[in-house]
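Just below is one structure, and these are the notes that go with it.
The values are calculated or read from the model by the stated rules, or taken from the named source; none is laboratory data. The model shown is predicted, which means the values in this text are computed figures rather than measured ones. Neighbour counts are summed over all protein chains in view; Cβ atoms, including those assigned to glycine, are modelled from backbone coordinates with ideal geometry.
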Amino acid sequence: MALIKTDDDQDIDGNTAYGGYYSAGSVEIDDELTRVGPGTPCGEYLRRYWHPVALAQDLGELPLPVRVLGEDLVLFRNGSGQAGLVHKNCPHRRASLEFGICEDRGIRCCYHGWLFDVDGTILEIPCEREDNEVARKVQATTRLGAYPVHEMNGLVFAYMGPPDARPEFPVYDICEMEGLEIRPYKAPFDCNWMQVLDAILDPVHTTFLHSQVSRQQFSEGMSELGELKFYERDDMRFMGTNTRRVGDNVWVRLNELILPNFTQAGAAFATDGTKSRYFGRSAFTRWVVPIDDTHCIAYAWANFGERGDPPEYNTDLGAELIEQGEPLIRPYEERQRHPADVEAVEGMGPITEHARENLLPCDRGISLFRRRVRRLIHELRDGKEPPQPTGLAEGTIPTYGSDTVLRLPNENGDEHAFLREANDRVMSLKLGSEAMPPRERDSHIIEGLKQLESGGLG
Ligand code: FES
Ligand SMILES: [Fe+2]
C-alpha cells in the first residue's frame, strides 16, 4: 500500500484503482530545501556563496532592477564603471532606486536626491542644509543595504551573505581554458530552483525528454539508455556518468554539480558518439540562481570551440538550444508536442512536492545531493560554515563536465559489464589527476584516454 501523508497528518492509501480522491489534496512543501528568502535555512546556506545575478550586457547606463534570493535589488554602474548592487528602496522614504540616477560617485535617489556609493555609504543628503545635525547623524549611522559584486566574462556575480563570511571568488578551470569562445546567456524558469537543478544529476531525462519521448533535440546517440553511475566527493561535488555504446565506440557523458548550484555537462551538439573525443568540455558553465521561492534563472556561459560546442551555435537561439534543446519561447501547442526542460520542470508546479515523488535508482544522484544540502543547512544552523569550491584545489578549480568517446569494440562478453568497466577506467583517470595543475591535468587526461583507446580494456 502506498501511503501519502496529508496536510492534516493522516495517512491515506494512494494505491487504489480510480482512487484519485485519496490523493487529490496537497502535501507539505519541503520548506527546508526550497525556501530561499532572508532568514530561511536554505536562504542562509545559499547566502554563503557567490551567485550570478545579471548579464553584464543588460547593465547599461540606467539602473537595473533585479530580484535574487527573494530580495528586490538594483544593480547600477558608477562613473568609473564599477558595479553596485543595493537594496531597491531608499533608506530615506523608500523610493525605488530603479528610478535613481547613475552618477560619477554612485546612484542618486530620484525623490529627494540622496546619493549612495556602491558600498551603500550615504555620500550626500542634499535636501537638508550642510549643518543640519539630524541629517549629519543619519548620514553617519545609516547605510543603504549593499552587496559586493564581481564581474567575469560577461556575468555579474554577487555575494549576499554576512560580510565576515565572504568567500574568495571561485575561478573554475573552464574559465581559463585556451581556445574556448564564451557566450553569456540566461534562461528563466517560473518554478523553484531545486527542481531545475535536479535535472543535472538526472542523466536519464536526456534519453527520454530530449530523445525518445519529445523528439531528438540533441543527437541520436543520446536516445540510448546507457549505464549510469553516481559519484559524491568532497562534501560538495556530485557527478553522474551515462556510458553508452555507439557502434564500436563507448561514449562516457559526465554531468556535474558543485554545491550549491554550479552545473556542467557534456556537449549539446559537438558529439553524437560516432567519433573519438578526448575530454571534450561542457556545453555550458551554469548556475541555477533562485530569484525567489517560485522563480529561478539559469545564468551561464555557453562554451564553443574544439573542446566545446560548434561555433555555429554561438547565437542567442543556439544558447537556448544548448540550455534545453528547444527555443525558450514557443507556442503552447508546440510545447505540448515537443516538451523540453522548461515544460518538464515548470509543469511540476511552482514548488514541487518531494513527498509525492517515487525515487528510483536512476534518481540516486538527486537523493545524494538533496541529502547533502539538507545536512549542510543543518550544520550552518549549528554554526558550521559550509565548504567552498575554492577549497577543492590550489588555483583554478578542476571540473569534470565532459564527453569522452573512445573506440572500444566489445568482441565478446557482457556488454553491461564492459561499459561499466570502460566508465570506471575513464573516471579513474579523471579523478586520479585532480590534484595536478590545470594544464598538466588536461593533457594528462587526454593522453591517458588515447592510450586507453589504443590498448583497449584488456
Ligand atoms: S526617498 Fe530617497 S531621497 Fe527621499
Ligand atoms: Fe535537460
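Tell me which of these Glu178 doesn't satisfy, since it passes every other one: (1) assigned by TED's automatic domain parsing to the domain that holds Lys384; (2) buried (at least 17 other Cβ atoms within 10 Å of the Cβ); (3) not basic (Lys, Arg).
All conditions pass for Glu178, except number (2).
With the requirement that a residue be within 16 Å of ligand 2 (Cβ to nearest atom) and either under 19 Å from the mean Cα position of the chain (by Cα) or at pLDDT 95 or above (or both), what does the range 211-238 give you?
Residue satisfying the conditions is Leu228 alone.
Out of curiosity, is Ala146 hydrophobic (A, V, I, L, M, F, W, C) and within 16 Å of ligand 1 (Cβ to nearest atom)?
yes
Of the conditions (1) part of a strand (DSSP E or B); (2) more than 16 Å from ligand 2 (Cβ to nearest atom), Gly161 fails just one. Which one is it?
Answer for Gly161: the failing condition is (1).
Hey, can you tell me all the residues within the range 191-204 that are touching a strand residue (DSSP E or B) at 6+ places or on another chain (Cβ under 6 Å) and at pLDDT 95 or above?
Trp193, Val196, Leu197, Ile200, Leu201
Residues in the range 339-354 that are touching a residue at least 24 places away in the same chain (Cβ under 8 Å) and within 11 Å of ligand 2 (Cβ to nearest atom): how many?
Qualifying residue count, the range 339-354: 6.
Tell me, which strands (runs of 3 or more DSSP E) wholly within the range 42-119 include 1 or more residues that are farther than 19 Å from Ile297 by Cα, without any contact (Cβ under 8 Å) to a residue 60 or more places away in the chain and within 16 Å of ligand 1 (Cβ to nearest atom)?
71-77, 83-87
All but one of (1) within 12 Å of ligand 2 (Cβ to nearest atom); (2) hydrophobic (A, V, I, L, M, F, W, C); (3) touching a Cys at 6+ places or on another chain (Cβ under 9 Å) hold for Cys191; state the number of the condition that does not hold.
Every listed condition holds for Cys191 apart from (1).
Evaluate the following for Cys127: is it at pLDDT below 95 and in a loop (DSSP other than H, G, I, E, B)?
For Cys127, the condition - at pLDDT below 95 and in a loop (DSSP other than H, G, I, E, B) - is met.
Given the criteria modelled with pLDDT under 95, surrounded by fewer than 21 Cβ atoms within 10 Å (Cβ to Cβ) and away from ligand 1 (no atom under 16 Å from the Cβ), does Gly391 qualify?
Taking the combined requirement at face value, the residue satisfies it.
Answer yes if at least one residue in the range 425-441 is over 27 Å from the mean Cα position of the chain (by Cα) and surrounded by 14 or more Cβ atoms within 10 Å (Cβ to Cβ), and no otherwise.
yes
Of these, Gly120, Gly84, Gly70, which one is in contact with a helix residue (DSSP H, G or I) (Cβ under 8 Å, 6 or more places away or on another chain) and either at pLDDT below 95 or within 25 Å of Gly37 (Cα to Cα) (or both)?
Within the list Gly120, Gly84, Gly70, the selection yields Gly70.
Do you know which of the residues in the range 265-307 that are of a type in the set (S, T, N, Q) and in a strand (DSSP E or B) is farthest from Pro387 (Cα to Cα)?
Step by step, filter the range 265-307, then rank; the result is Asn303.
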